[in-house]
């Protein structure tokens with residue numbers, strides 16, 4: 001059975017494989033892609049929250065500097 005992988009290491013189906021082999025490979029790949037996407041979403045959410053907090057704190061700082069002028 002050919003063991004083709006994508007550049008990211010995901011298992012790929014192959015025309016020489018029997019369908020039952022490729023079903024398992026495709027399932028494993030979907031699970032791996034889902035885990036990768038979930039990880040990236042969590043990282044994105046953390047970065048977005050940090051940016052929103054930074055933006056709000058910057059706004060408050062600008063507001064308070066405006067009052068002191």
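The values are calculated or read from the model by the stated rules, or taken from the named source; none is laboratory data. Fair warning: this is a prediction, and the values are worked out from it, not measured in the lab. Because the Cβ atoms are built from the backbone with ideal geometry, glycine has one as well, and the counts that use them run over all protein chains shown.
What the table shows:
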| read-out | value |
| --- | --- |
| Some residue of region 18-39 being at pLDDT below 95 and outside any helix (DSSP H, G or I) | yes |
| Any hit, region 16-23, residues being touching a strand residue (DSSP E or B) at 6+ places or on another chain (Cβ under 7 Å) and surrounded by 11 or more Cβ atoms within 10 Å (Cβ to Cβ) | no |
| Pairs where the first residue, in region 31-54, is surrounded by 10 or more Cβ atoms within 10 Å (Cβ to Cβ) and the second is modelled with pLDDT of 90 or more, C-beta under 9 Å, 6+ apart | 32/8; 32/9; 32/10; 32/11; 33/8; 33/10; 36/8; 36/10 |
